[in-house]
1. For segment 268-373, what does the alpha-carbon gyration tensor say about shape, rounded, prolate or oblate, given a ≥ b ≥ c as the root eigenvalues, a/c under 1.5 as rounded, and a/b over b/c as prolate?
2. How much length, in nm to one decimal, is gained on full extension between Asp251 and Glu193, taken as 0.36 nm per residue of separation minus their Cα-Cα distance?
3. Can you list residues whose amide H is under 5 Å from Val556's amide H, if they're 5+ apart or on another chain and H is modeled 1.01 Å from N?
4. Can you pull the Kirkwood radius for segment 179-219, inverse mean 1/r over Cα pairs, to one decimal in Å?
5. Report the FRET efficiency, 1/(1 + (r/R0)^6), for Glu444 and Leu397, where r is their Cβ-Cβ distance and R0 is 56 Å, rounded to 0.05.
6. Treating the beta-carbon of each Lys and Arg as +1 and of each Asp and Glu as -1, no other charges, what is the dipole magnitude of the chain about its Cα centre, to the nearest 20 debye?
7. What is the calculated FRET efficiency for Thr201 to Ile181, with r their C-beta to C-beta distance and R₀ = 30 Å, to the nearest 0.05?
8. Below 14 angstrom from the Cβ of Ser441, what's the summed charge of the other residues (Lys, Arg +1; Asp, Glu -1)?
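The values are calculated or read from the model by the stated rules, or taken from the named source; none is laboratory data. Source: prediction; values computed, not measured. Cβ placement follows ideal geometry from the backbone for every residue including glycine, while neighbour counts extend to all protein chains displayed. All accessible areas refer to the heavy atoms of the entire protein, side chains included, with ligands and DNA or RNA removed. Shrake-Rupley method; radii C 1.70, N 1.55, O 1.52, S 1.80 Å.
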Amino acid sequence: MTMAWEPDEEISSLIRHLALQNSLQYDGKGQAGSVISRIMGSREDLRKFGKDIAPIVAREVSSANQLANSNGLDFIREILEDEAPHMLEKKEHKRREGLPELPNLGNKKPILRFAPNPNGPLSFGHSRGLVINGEYAKELGGELILRFDDTDTTVKPPMLEAYESISKQQAELCGFPAHRIVIASERMDVYHEYARKAIETNFAYVCKCSGDEFREFRLSKTNCPCRGNDLSENISLWEAMNDENGLNPGDAVLRMKTGMDQKNPALRDWPAARIQVNPHPRVGNKWRVWPLLDFQSAIEDHLQGVTHIIRGKDLMYSTRKQKLLYEHFGWQYPETIYWGRVKVHEFGSFSTSQMKQDIADGIFEGWSDPRLPTLSALFRRGIRPESLRSFWIELGLTQKDIAVPLSTLYSHNTKCIEPEAPRLAFVRDPVSVNLQGEYPSLLEISAHPETEMPPRTFRIDDEVLIEKEDSGKPIRLKDFCDINENGLVQSINKTDDRPIVHWIPSGIATTLTIADGKDIIEIEGMLEEHDYEIGTIVQLERVGYAVVEKSGLLMVHD
Ligand SMILES: [Zn+2]
């Protein structure tokens, strides 16, 4: 004889809580079936007691539903908050649509930053940082700082036009202008002040070793001779760095005294400032000693009160370098969240400097050439800011490296543009068909099946244009009539399942341009007459979405 199985206390309360959670989730109409599958899904060991568990679950679900209906959903929420808060958190999580909670935010408003180098215009990759930081700032009532990290005049010199285009695109992409704009090259006095403070508090020294020499010291964890400079030596060397008659680029750098015994070699007395003499496009030759990114960014994050930094996991070392500086100054480092790389195969091989070169060489027509992954090219090609937003939010903040096909972005975009895109007919490789028989000479054809756009008016003479591959067989002219292979109108109503083809009574010779990887494909055809403005996205029947441009049509995607 076998004893009936009885749940122990832990299992009983699991069932009870799942029942409450389910009832809460479905507004007091929890389902025993879904609770059972949740239990069996998470507790394989209970599967063999399925028969015994089912009635217990049914009882708990029905009492949870009763409780929800008599005392309200908030009552259920309170019980769970008390007894099993983790079950509530999961639900809150779902509501946030892909973005996790910001850690340790407490009651503060978050201050986030997006800090591009204006050495070129923004690209697809930048849109992630803008979207994610912007979304948190907006959703949580915080602030977004747009910071131009433009202190490298040698390797990645700033491009003057980029400041304006980046600010504009930030607003377009986030849906609001940044709350603060910070331009590092205009705050050089601040970085100099902190460099000086670091020297005076014995946390920095001027190092005159060559790169190769210092590499040796770093690898052997040995102090370089400059590390022992006393304060007055460091001050006078610092002044020599800043003096045009003093030291020259490459003669010396300022190093943070983080310790030559750090486990990670990158952290050992890292460089914070160096001499650059190329003129800066905004401030010319006003400064001679320029901060390196880790130093400049660390100081600025603190001064601007940044609460959360979201950055690539490849920048974990930066965080650790900067934390040593924060420790020295007694500051609290912002919460840091890392994400993995997202690779979109089609955008794989572009770098800003390569694009710059290719544009100069005439390979691309400019930064908004539709083959490039710049934001200006994507916007020109009809990719909407909202689509980039939902694309990045859906991918979330995983630390895993992921590869995503461009078609994923396109499907987000289709959702945005489909409701607004009027239908137009574009007949490729057109041939004319002489109509015979009886047919109306004026037709109104819907411009969009679901919205109330004014219909298109077709005036039909005695011929129409169809694509060559549709000719020579019985077809149905879409929304018009059935014809045989010779153009004889057989019926106005649809009579059978012959192919339905798009057609136009007359049209404008038009080129459809398609960006295909690094190639441009041009398709000639006849486009239905229309008066849509430049920039309108239309849906070409049987082709896909395209933008009306001055010179013709530019393909968005299918
Ligand atoms: Zn040295």
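1. On the way: a/c = 2.72, a/b = 1.45, b/c = 1.88.
Taking the square roots of the gyration eigenvalues as a ≥ b ≥ c, segment 268-373 is oblate.
2. Working: separation 58, 0.36 × 58 = 20.88 nm, distance 2.15 nm.
Between Asp251 and Glu193, full extension yields an extra 18.7 nm.
3. Residues meeting the criterion, in which the H sits 1.01 Å from N, are Tyr545, Ala546, Val547.
4. Numbers: mean 1/r = 0.0786 Å⁻¹.
12.7 Å is the Kirkwood radius here.
5. Details: r = 50 Å, r/R0 = 0.89.
Computed FRET efficiency for Glu444 and Leu397: 0.65.
6. On the way: 67 positive and 85 negative charges, 416 e Å.
Dipole of the chain, to the nearest 20 debye: 2000 debye.
7. Numbers: r = 31 Å, r/R0 = 1.03.
Calculated transfer efficiency: 0.45.
8. Details: positive: Arg459; negative: Glu438, Glu444, Asp461, Asp462, Glu463.
Its environment carries a net charge of -4.
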